[in-house]
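Q: Next up is a structure, given as structure tokens.
The values are calculated or read from the model by the stated rules, or taken from the named source; none is laboratory data. Bear in mind that the values here come from a model prediction, so they are computed numbers and not experimental data. With ideal geometry, Cβ positions are generated from the backbone for all residues, glycine too; neighbour counts draw on all protein chains shown. Calculation scope for accessible area: heavy atoms of the full protein, side chains included, ligands and nucleic acids excluded. Shrake-Rupley method; radii C 1.70, N 1.55, O 1.52, S 1.80 Å.
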Amino acid sequence: MVCPVCGEALDLEGYEAGDLLDCEACGAVLRLLSDGTLEVVEVPEEEREPLWGLSAYGEGEEAVLVFSDGTLEEAVRVPKVALGEALRRLEEGTGEEPPKEAEDEPNLEPDYLTAHVDSDQGVLALRRVVFPGAQDLLEFTLPSGSVYEFPFRQAIAVLRPILL
């Protein structure tokens, strides 16, 4: 069986009709139906788990973004104005790398919108990953080369208060 959103192969062993599962490739929440097919499930915002791995705070005109994978913690300082502008462009869909044109066949590849922000350590790349029918993701590529990925709306909710 494959994910109806991104086409990633899924192992359904041990799942029964009505069970929910997550596609690890695109983050879509899926329900196994009695006929053996999968349907995409919209999870209400209030039922989603709190965002883990990203925290942020303001220091004057700068925002400090702290990323963690459970073993390593990395902090990056960026100007609040530049970060706010990058997030605004990504929300509006006007990043530096526009989404692909409409195609005749279903698009099984994600679309990307990219914005760059100068940090204290180099360039921080923000990439919005859009899978049609699935939750958007926000990917951070740090100057160190580390990559962190979060649900787009949840990441915006963490970052927006420090930019005001």
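Q: Which count do you get for residues in the range 112-158 that are part of a helix (DSSP H, G or I) and open to solvent by less than 10 Å² (accessible area, probe 1.4 Å)?
A: Kept after step one, since they are part of a helix (DSSP H, G or I), are these residues of the range 112-158: 152-158.
Now restrict to residues that are open to solvent by less than 10 Å² (accessible area, probe 1.4 Å): 152, 155.
Adding up the residues that qualify gives 2.
Q: Go through the range 71-84 and give me each residue that's surrounded by fewer than 17 Cβ atoms within 10 Å (Cβ to Cβ) and touching a residue at least 12 places away in the same chain (Cβ under 8 Å).
A: 72, 74, 77, 79, 81
Q: What is the one condition in (1) among the polar types (S, T, N, Q); (2) closer than 27 Å to residue 2 by Cβ; (3) modelled with pLDDT of 90 or more that residue 135 does not satisfy?
A: That leaves (3) as the condition not met.
Q: Among the numbered conditions (1) over 30 Å from residue 18 (Cβ atoms); (2) of a type outside the set (Lys, Arg); (3) at pLDDT 55 or above; (4) in contact with a strand residue (DSSP E or B) (Cβ under 9 Å, 6 or more places away or on another chain), tell me where residue 109 comes up short.
A: Tallying (1) over 30 Å from residue 18 (Cβ atoms); (2) of a type outside the set (Lys, Arg); (3) at pLDDT 55 or above; (4) in contact with a strand residue (DSSP E or B) (Cβ under 9 Å, 6 or more places away or on another chain), residue 109 fails exactly one: (4).
Q: A further question follows. Inside the range 29-54, can you point out the residues that are modelled with pLDDT under 75 and among the aliphatic types (A, V, I, L, M)?
A: Within the range 29-54, 43, 51 qualify.
Q: Looking only at residues in the range 1-28 that are of a type in the set (Gly, Ala, Ser) and at pLDDT below 80, which one is surrounded by the most Cβ atoms within 10 Å (Cβ to Cβ)?
A: From the range 1-28, those of a type in the set (Gly, Ala, Ser) are 7, 9, 14, 17-18, 25, 27-28; that's our starting set.
Pick out the ones that are also at pLDDT below 80 and you get 7, 25, 27-28.
Working: 7: 15, 25: 16, 27: 20, 28: 23.
Per the stated criteria, the residue is 28.
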